[in-house]
1. Which of the residues belonging to the stretch A:99-121 are in contact (Cβ under 8 Å) with a residue 24 or more places away in the chain, within 11 Å of chain B (Cβ to nearest Cβ) and closer than 26 Å to B:Ser378 by Cβ?
2. For residues that are surrounded by fewer than 23 Cβ atoms within 10 Å (Cβ to Cβ), more than 8 Å from every other protein chain (Cβ to nearest Cβ) and part of a helix (DSSP H, G or I), tally how many sit in the stretch B:492-507.
3. Could you please find all residues in the stretch A:223-281 being within 7 Å of chain B (Cβ to nearest Cβ) and outside any helix (DSSP H, G or I)?
4. Do we have any residue at all in the stretch B:401-419 that's modelled with pLDDT under 90, surrounded by fewer than 19 Cβ atoms within 10 Å (Cβ to Cβ) and either more than 10 Å from chain A (Cβ to nearest Cβ) or not in a helix (DSSP H, G or I) (or both)?
5. Would you be able to say whether some residue in the stretch A:100-108 is assigned to a helix (DSSP H, G or I) and either farther than 17 Å from A:Gly53 by Cβ or touching an Asp or Glu at 6+ places or on another chain (Cβ under 8 Å) (or both)?
6. Suppose we filter the stretch A:152-165 for residues that are surrounded by fewer than 18 Cβ atoms within 10 Å (Cβ to Cβ) and at the interface with chain B (Cβ under 10 Å from one of its Cβ atoms); how many remain?
7. Any idea which residue in the stretch B:451-473 is nearest to A:Val170 (Cα to Cα), counting only those that are facing chain A (nearest Cβ under 9 Å) and surrounded by 17 or more Cβ atoms within 10 Å (Cβ to Cβ)?
8. Filter the stretch A:28-73 for residues that are under 24 Å from the mean Cα position of the chain (by Cα) and without any contact (Cβ under 8 Å) to a residue 60 or more places away in the chain and give the result.
Amino acid sequence: MVFKGIDFVPHGTKIPFVSMRTITFILSALAMVASIGLFSTKGLNYGIDFIGGTSIEVRNKTGPADIADVRSKVGGLGFGDVQIQQFNDPRDVLVRIELQSGGEEANQLALDKIRVALGDGFEFRNTEVIGPTVSSELTEAGIIAVITAIIVVLIYIWLRFEWQFSLGAVLALVHDVILTIGIFSFLQLEFTLSIIAALLTIVGYSLNDTVVVYDRVRENLRKFKKMPLADLLDVSINETLSRTILTSVTTLIALVSLFVFGGEVIRGFVFAMIWGVIVGTYSSIFIASPALLLLGVKRDWSGLGGAKYKEPGTAK
Amino acid sequence: MLHFSKWKTFTIWAIALIGIFCAAPNLIPEKDLASYPAFMQKLRLNLGLDLRGGSHLLMQMDKNVLIEKQIKILRGNVRNVLRGKKEGDKHVGAIRYRDLSAKKDRVEFKPSDPADLDRAFEAVKTLITPLPTTSFGTVPGNNLEIEKTADGRITIKPTDPAIAQRISTTIDSAIEVVRRRVDELGTTEPSIQRQGDDRILLQVPGYDNPEKLKDVVKQAAVLSFHLVVRPATAQDAAEGLTEPGTTIYPSKDQYSSHYILEDEPLITGADLANAQQSFGAQTNRPVVTFRLNSRGAIRFGEVTTDNVGRPFAIVLDNQVISAPTIQEPITGGTGQISGNFTVSSADDLAILLRSGSLEAPLTILEERTVDASLGADSIAAGKLAAMIGLAGVVLFILVAYGQFGIYANVALLINIAMIVGALSLLQATLTLPGIAGIVLTMGMAVDANVLIFERIREELRAGKTAISAIESGYSRALSTILDANITTFLAAIILFWLGSGPVKGFAVTLSIGIFTSVFTAFVLTRWLIAVWLRSKRSKTVEMPI
């Protein structure tokens, strides 16, 4: 009696992924243009990490919070743009006020005033005050981080493969990052520092996927020296399809559990990652691989050209 | 690939068991941990502020205030030099000057007699001293730059390294002062770090009064006692009506809005030996009582003996708190400060006076405070999500890979134990995004096994025997696994480098997860499968995958 697993993904598939490239490229291009369009018109709902200001999560100690009451208490203090909303639990209210002009002290003062105005009936569960200096630094650091990540990856793939692979992978990454920013703009979800962390994780994950397909492409380039590149890419994607899907499913199982049960604080962060896994899986199949066809790859892999180290598979 | 020597087997299990051993204290209630035997390591996960509650304050010291102070001291030194040497009652070699003034970044003056320009230049040059060598071994040069200008002035300017060194030492001592103040509040394990050249990051876990914390930490609390020349009005202050050697200060007491005080302090905060909140003997209102050190006591005794009947002012951070009249000589070295205090504000002041003053107040650039109850909620939610996520992944892998799935799941569980163990041992901070990192690692850790197992299936379909399918499954998947994990690791490094608080925690968890998952998924499962294969003793086994 042997305990076998179920082969979820049929093997020997011959899905012509690469010939779908006209459709998928147009689709992706449209989605990217839409994302950039949304980003430049609607913009992002930046969290206080980036624009500065004060964010306070308060809980009414005695029962459900009265939003109108909170609004009247805080609204009259003259802080400019004030957002007050229900949060998570009926007892909880999220109060956000914009960055106060008048330097770092003005923001601290605003917090003090809110504490006095709300009085003892509320418990201050989470307080964040980000002044102008730090918020501009964090924005800068965030942008630098994402760009550095992409450059480092570009170099790594270039070293391990060929420049066409490197460009194809980075194309897929830029695609993923732009679409993630697009969905955040579309849904107006709060864009915080942890979303940058999620973006970088997406970069890592999407790359992981792309590299797996590329590895197979490289292997097949050695194996089938005469096969047309389009067919070779299709074979490679089909051969790795079961792995791509199974890994995405396990990662999504873990992420969805976090999304549903992990609490309000990290929901945005987890949402970005779920989106990234889906988009990243799509892009490594439909963007990164067909891109090789457009960029053209070297066909003679018999020498040391691409392989920087001895393939373990050939060693005995 | 499938042969494991004895020592290899031993090493693999030793690593796995050490991981589990290090993770174990997290399953034991904290109070019971102390009674466990000495060989047990007792480090548990170090929870971040977002999980245990607490305050995170990023503060900056105003450089300009420090530079301004430095320039003022420099002006005094220049004045002393120009006064010449004191021989008996006379000053020898004095140089007459005009317009000695402290500008934003320099001191300048003009010798009254243009012929004195060179002599004055030489005299001022005696103030130049080389700066101490830095710890990197570079020689930073001198403390001052002195120049003659075309219109017959001399400018004296502190050099950039001199200013940098001064800011650096000031921040170092400020960190000590902040530490003493936070300790006075009775908090446990505050973390105080320097960030950049003029910033301090203070993290205080589990303290539930962030307002008090901020009040106590950021104030300069520079205390001095001065003799009062006369009370003054707001108008006097606006006109800057003072005599040489005196300064006008705003006041908090109810008698006068301003006071003109002698510049020379009677005593300063540095002369204090202790300070306590107490109640006034007659008024029964909150006061701060203080005790002077011996030097301060002697000095204060002398001054109060000489000035009975005159008022003196207690100045805190350039503001007069009160200006009592000296009724009788105070020789015991103790006294009290009364003002418009509440018990709490008197207590704060006592804390500040006990722990010393900052040279300039600290500005809070960033504050993040999480209530302990929210942290507990986050932990509960994170645990629940991790459990359900783990159960989902384990079940899925079991269904997808059968008996080999069990091996992958054993590896996954050991992987999680190793991550928790490594985090506990390193005392890396576990934040809420860090928990997300662990959950994400669960999903990604099985990736290596998925790669290997799919490869094995492929090889089997291609007609290979069980052993050679497993062999080539592992060996061919290796380069892919390495490539995939190195790229993720690169992203994690950049995250760490970008790192602020919670994000850094996520990067650490992710990086640790990459190493442990390669070990468990590639090495541990291979060992398990090798043992299983050997138990079959046949080359034509049916593959349970």
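1. A:Asn107, A:Leu111
2. Residues in the stretch B:492-507 being surrounded by fewer than 23 Cβ atoms within 10 Å (Cβ to Cβ), more than 8 Å from every other protein chain (Cβ to nearest Cβ) and part of a helix (DSSP H, G or I): 4 in total.
3. Result: A:Gly262, A:Gly263.
4. No, every residue in the stretch B:401-419 fails to be modelled with pLDDT under 90, surrounded by fewer than 19 Cβ atoms within 10 Å (Cβ to Cβ) and either more than 10 Å from chain A (Cβ to nearest Cβ) or not in a helix (DSSP H, G or I) (or both).
5. Yes, that holds for at least one residue.
6. Adding up the residues that qualify gives 2.
7. Top of the filtered list is B:Leu451.
8. A:Ala29, A:Leu30, A:Val33, A:Gly37, A:Ser40, A:Thr41, listed by residue number.
The values are calculated or read from the model by the stated rules, or taken from the named source; none is laboratory data. The structure presented is a predicted model; accordingly, all values stated were derived computationally and were not measured. Ideal geometry is used to build each Cβ from the backbone, glycine not excepted, and the neighbour counts take in all protein chains shown.
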